[in-house]
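Undergrad: After the C-alpha cells below, expect a handful of questions from me.
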Amino acid sequence: MNIVFVNTLEKEAGDHRVISAQVSIGEEQGIWSVLWSEPNQGGKLQQDQWYQGMSWDEMLSAFRNGLREKVRVGFRPLVSTDLESSQTLSGKARMTQMLTYYCEENPSEEVYEELRAWRREQAAREGKAPYILATNRVLRMISVFLPQSKEELQQIPGFGEQKTTMYAADVFRCTAEHTRASGFPLDWVARNVDTAKFESWLLAQKEQKLRMELDREVSKRKLLEIVAGGGSLADLQAVLTLPRRELLLWVEELDREGYDMDPLVEAELTSVPEEEHIKAWSAFESEGDRYLKPVLQRIMGTEELKGKELDRAYEWLRLLRLRFRREKENLASQAAS
C-alpha cells in the first residue's frame with residue numbers, strides 16, 4: 001500500500017506520559033484506506049481501520065469524523081490537517097478568502113470576460129503566461145468590486161503597486177463603464193457574507209486542496225515506479241493522462257528533489273543518435289544550461305524545426321540537460337572535497 005498522508009497526534013496521559021498515535025491515508029490500485037495506529041495499555045501498537053473502499057467522499061468523511069473523535073478525547077495533531085475552521089486563519093488571509101467567496105457568489109461575467117480578453121492579448125504582447133499578469137481569482141475580484149482608482153486597485157489582493165503602475169489604465173477601461181453598488185474599502189463584504197455558508201465553502205476548499213495533494217502523491221508514486229522500471233514518456237502519459245510537457249516539468253522537479261530520473265533519460269535518449277548527444281553536450285558547455293534555444297540553434301545551425309519535430313528536440317534536450325547538470329554537480333562536489 002502507498003501511504004499518501006500521515007500525521008502524528010499526541011495525548012497527555014498523566015504522570016508526564018504522552019501517548020503518541022498516527023492517522024494515515026493509503027491507496028492501492030484505486031482502493032483508499034484510513035488507518036489509526038495507537039499503542040494499547042501494554043504498549044503494543046494496535047491498528048484500527050476507519051475506512052476501506054473506492055469512494056473519495058466516504059474516505060474523507062471517515063477520516064474527518066475519526067479525527068474529530070480523537071481530538072475530542074484529547075489527541076492533538078502535531079501538524080495541522082488543514083481541515084480546521086477558518087478561525088485559524090490570520091485576519092488578512094481570512095478576509096482574502098471571504099472576498100473570493102463573495103465574488104463566487106456574486107459573479108459579474110461580462111466584466112470578467114472583458115478582463116480575460118485584455119489579459120490574453122496583453123500576455124501575448126509581452127510573451128508571458130496570462131496568470132503572471134493576473135490570476136483568475138484576481139480578475140474575478142476586479143470584475144465584482146470595480147475599482148476606479150489606483151488606490152482602490154491596490155486593495156485587490158494580488159494586485160500590488162508594480163502591476164497597478166503597469167496595467168491600471170487597461171483595467172479601468174474595463175471597469176469604468178460599469179456601475180457598482182458598493183465602493184471601497186471592502187470591509188463591508190464581511191457584513192454581507194453568511195458566516196455559516198462561508199465556513200462550509202472554506203471547508204470544501206480545504207478538502208479539495210487535500211484531495212489534489214493526495215491525488216498528486218498517488219500519481220507521483222506511479223511515475224516513480226514507471227521510471228524505475230525503464231518506462232518512457234509515452235508510458236507515463238498512458239498511465240497518468242497528462243500532457244508530455246507537464247510530465248517533463250514534473251520530471252525536472254523530481255530530479256531537483258533528488259529522485260533518480262536517469263532510467264527515463266536513458267529510455268528517451270536511446271532513439272537520439274550519439275552524434276547529437278555529443279553536439280548537445282558541447283553546446284551546454286559553451287552556451288550554458290539555463291536556456292535550450294541557444295543549444296538547439298548550436299546543434300541545428302540554420303535548419304528550422306517545426307511542429308512535432310521541434311517538440312521532440314526540446315524534449316530530449318531537456319532530459320539530457322538533467323544528466324548534464326547532475327554531472328556538473330558531481331564535478332563541483334569532487335572539486336570541493
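The values are calculated or read from the model by the stated rules, or taken from the named source; none is laboratory data. Just so we're clear, the structure is a prediction, and the values are computed from it rather than from any experiment. Quick reminder, even Gly has a Cβ in these numbers, built from the backbone with ideal geometry, and neighbours come from all protein chains shown. Surface accessibility is based on the protein's heavy atoms, side chains included, excluding ligands, DNA and RNA. Shrake-Rupley method; radii C 1.70, N 1.55, O 1.52, S 1.80 Å.
Undergrad: Counting only protein heavy atoms and using a 1.4 Å probe, what share of the accessible area of the chain belongs to carbon plus sulfur, as a whole percent? Show your work: numbers first, answer last.
TA: On the way: 9470 of 19840 Å².
Looking at the chain in its full context, I get 48 percent from C and S.
Undergrad: Once the other residues with Cβ under 15 Å from the Cβ of M54 are scored (Lys, Arg +1; Asp, Glu -1), what is the net sum?
TA: On the way: positive: R211; negative: E27, E28, D57, E58, D215.
Net charge around M54: -4.
Undergrad: Ok, one more. Among rounded, prolate and oblate, which fits the chain when a ≥ b ≥ c are the square roots of the eigenvalues of its C-alpha gyration tensor, a/c under 1.5 means rounded, and a/b larger than b/c means prolate?
TA: It is oblate, given that a/c is not under 1.5 and a/b is not larger than b/c.
Undergrad: With a cut-off of at most 15 other beta carbons within 10 Å, and DSSP calling the residue loop, which GluC sites (Glu not before Pro) in the range 281-337 qualify? Please list them.
TA: Of the GluC sites (Glu not before Pro), the ones in loops of the range 281-337 whose Cβ has at most 15 other Cβ atoms within 10 Å are E303, E304.
Undergrad: Leaving out same-chain residues fewer than 8 places away, which aspartates and glutamates sit with a Cα under 14 Å from that of K197?
TA: Within reach: E104, E105.
Undergrad: Also, I was wondering about something else. Evaluate the charge dipole of the chain about its Cα centre and quote only its size in Debye, nearest 20, assuming +1 on the Cβ of each Lys and Arg and -1 on the Cβ of each Asp and Glu.
TA: Charge dipole of the chain: 740 debye, to the nearest 20.
Undergrad: Past 23 Å, Cα to Cα, is the threshold; run K222/K306; K44/K70; K70/K222; K279/K308; K279/K328; K128/K293 against it and keep the listed order.
TA: As for pairs spanning more than 23 Å Cα to Cα, those are K222/K306; K70/K222.
Undergrad: On a 1.4 Å probe surface of the protein chains, which of D235, D57, D170 comes out largest in accessible area, and what is the full order?
TA: Sorted by accessible area, descending: D57, D235, D170.
Undergrad: So how much accessible area does L249 have, in Å² to the nearest 10, using a 1.4 Å probe?
TA: Answer for L249: close to 90 Å² accessible.
Undergrad: Rolling a 1.4 angstrom probe over the protein heavy atoms, how many square angstrom per residue are accessible across the chain?
TA: So the chain comes to 59 Å² accessible per residue, rounded to a whole number.
Undergrad: Now for a different question. Taking all protein chains together and a probe of 1.4 Å, list R94, R17 from the most accessible to the least accessible.
TA: On the way: R94 45, R17 125 Å².
In descending accessible area the options line up as R17, R94.
Undergrad: What shape does the range 211-258 have by the C-alpha gyration tensor, where a ≥ b ≥ c are the square roots of the eigenvalues, rounded means a/c under 1.5, and otherwise prolate means a/b greater than b/c and oblate the rest?
TA: Rounded is the answer for the range 211-258, as its axis ratio a/c remains below 1.5.
Undergrad: Turning to a different aspect of this structure: Where in the range 126-149 does the amide nitrogen come within less than 20 Å of the point 7 Å from the Cα of E177, taken along Cα to Cβ?
TA: 139-149
Undergrad: Using alpha-carbon positions, what is the distance between the centroids of the range 269-334 and the range 192-263, in Å?
TA: 27
Undergrad: Once you put a point 7 Å from the Cα of R94 and another 7 Å from the Cα of Q155, both along the Cβ direction, what distance in nm separates them?
TA: Placing both labels 7 Å beyond Cα along the Cβ direction yields 2.0 nm.
Undergrad: If you don't mind, there's one more thing I want to ask. What's the extension gain from Q148 to Q22 if we count 0.36 nm per residue and subtract their Cα-Cα distance? Present the calculation step by step, with values, prior to reporting the outcome.
TA: Values: separation 126, 0.36 × 126 = 45.36 nm, distance 5.23 nm.
Contour length minus Cα-Cα distance gives 40.1 nm.
Undergrad: Another question about this same structure. To the nearest 10 square angstrom, how much accessible area does F75 have with a 1.4 angstrom probe?
TA: For F75, the solvent-accessible surface is approximately 0 Å².
Undergrad: Still on this structure: Label the range 148-303 by shape, choosing from rounded, prolate and oblate, from the square roots a ≥ b ≥ c of the eigenvalues of the Cα gyration tensor; if a/c is under 1.5 it is rounded, and otherwise prolate applies when a/b is larger than b/c, oblate when it is not.
TA: oblate
Undergrad: Something else: Show L292, L224 ordered by accessible area, largest first, where the area counts protein heavy atoms only and the probe is 1.4 Å.
TA: L224, L292
Undergrad: Right, here's the next one. Within the set of other residues whose C-beta is less than 12 Å from the C-beta of K220, count the net charge using Lys and Arg as +1 and Asp and Glu as -1. List each step's numbers first, then the result.
TA: Numbers: positive: R216, R221, K222; negative: E27, E213, D215, E217, E225, E253, E257.
Overall, the nearby charge balance is -4.
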